[in-house]
Amino acid sequence: MSEILASLYPWTKSLHVLSVISWMAGLFYLPRLFVHHVEQAGRDSHIHETFSMMERKLFRLIMNPAMIATWVFGLMLVFTPGIVDWSLVWPWTKAAGVLAMTWFHHWLGYRRKELAAGTNTRSGRAFRMMNEVPTLLVIIIVFSVIVKF
C-alpha cells in the first residue's frame, strides 16, 4: 500500500490542493452571503428564499464535497511514506488548524439552517467578524506546511 501511495503522490497532492481551494472559497463566501441575507432579506420572503437557496447549494454541492475530498486526499498524504515527520511541530499545528476549519464548516452549516428557518439571532456584524476565522486558520495551516517549524 505504501508503494501505491508513493507513486500517486503528485496526483494526491494536486487533488488535495484543488480540494482545499474549493473548500476555502466556500468558507470565505458563505459568511458573506449570511451578512447580506441578514441585512437585506428582512421580511421579504422572496429575497429570503433566494438567499436560503444560494446558501444551501453552496454548502451542500460545493463545500461539503470539497471538505470531504480535502480530508480524503490529506489523509492519503499523511499515510504516504516520508511526507510527514510527526516528531516536528508543523504536522500538529496543521492538524489543529484543519480540525478548527472543520469545526467552522459545521458551525456555518448550523447557522445556514437557522437562517433558512428564520431563527437566526446573529447580526451582519457578527457574521462579518466570523468571516475572518478561515483567514486566520489558513495562515496557520499554510505557514505550518511551508515553513515546517
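Inspection of region 84-97 finds a residue satisfying the criterion of being within 30 Å of Glu3 (Cα to Cα) and of a type in the set (D, E, K, R).
Conditions (1) among the charged types (D, E, K, R); (2) touching a helix residue (DSSP H, G or I) at 6+ places or on another chain (Cβ under 6 Å), marked per residue:
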| site | (1), (2) |
| --- | --- |
| Met1 | no, no |
| His16 | no, yes |
| Ala25 | no, no |
| Val38 | no, yes |
| Ser52 | no, yes |
| Glu55 | yes, yes |
| Thr70 | no, yes |
| Trp86 | no, no |
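Just to verify a result, which residue in region 71-108, among those that are surrounded by 15 or more Cβ atoms within 10 Å (Cβ to Cβ) and of a type in the set (Gly, Ala, Ser), is nearest to His16 (Cα to Cα)? Here the answer is Gly74. When Pro91, Pro134 are screened for being at pLDDT 95 or above, farther than 28 Å from Val38 by Cβ and either polar (S, T, N, Q) or assigned to a helix (DSSP H, G or I) (or both), only Pro91 passes. It is to be established whether one or more residues within region 102-117 are among the charged types (D, E, K, R) and modelled with pLDDT under 95. No, the conditions are met nowhere in region 102-117. Contact annotation: residue pairs with Cβ atoms under 6 Å, 6 or more positions apart or on different chains, pairing a residue in region 63-85 that is free of Cβ contacts under 8 Å to residues at least 12 places away in the same chain with a partner that is in a helix (DSSP H, G or I) and surrounded by fewer than 15 Cβ atoms within 10 Å (Cβ to Cβ), are Val84/Val78.
Mind listing just one residue for me: the one in region 11-61 that is loosely packed, with under 12 Cβ neighbours inside 10 Å and modelled with pLDDT under 95 and, of those, nearest to Leu99 (Cα to Cα)? Ranking the qualifying residues of region 11-61, first place goes to Gly42.
Considering Arg122, Arg111, the condition of being in a helix (DSSP H, G or I) and surrounded by 14 or more Cβ atoms within 10 Å (Cβ to Cβ) is satisfied by Arg111 alone.
Taking each residue of region 8-37 that is without any contact (Cβ under 8 Å) to a residue 60 or more places away in the chain and looking for partners that are surrounded by 14 or more Cβ atoms within 10 Å (Cβ to Cβ) and among the hydroxyl-bearing types (Ser, Thr, Tyr) with beta-carbon atoms closer than 6 Å, six or more apart or interchain, yields Ser19/Thr70; Val20/Thr70.
Residues being assigned to a helix (DSSP H, G or I) and either within 24 Å of Tyr9 (Cα to Cα) or out of contact with any Leu (no Cβ under 8 Å at 6 or more places or on another chain) (or both) are entirely absent from region 81-88.
The values are calculated or read from the model by the stated rules, or taken from the named source; none is laboratory data. Because the structure is predicted, anything quoted here is derived from the model rather than measured. So basically every Cβ, Gly included, is an ideal-geometry build from the backbone, and we count neighbours across all protein chains shown.
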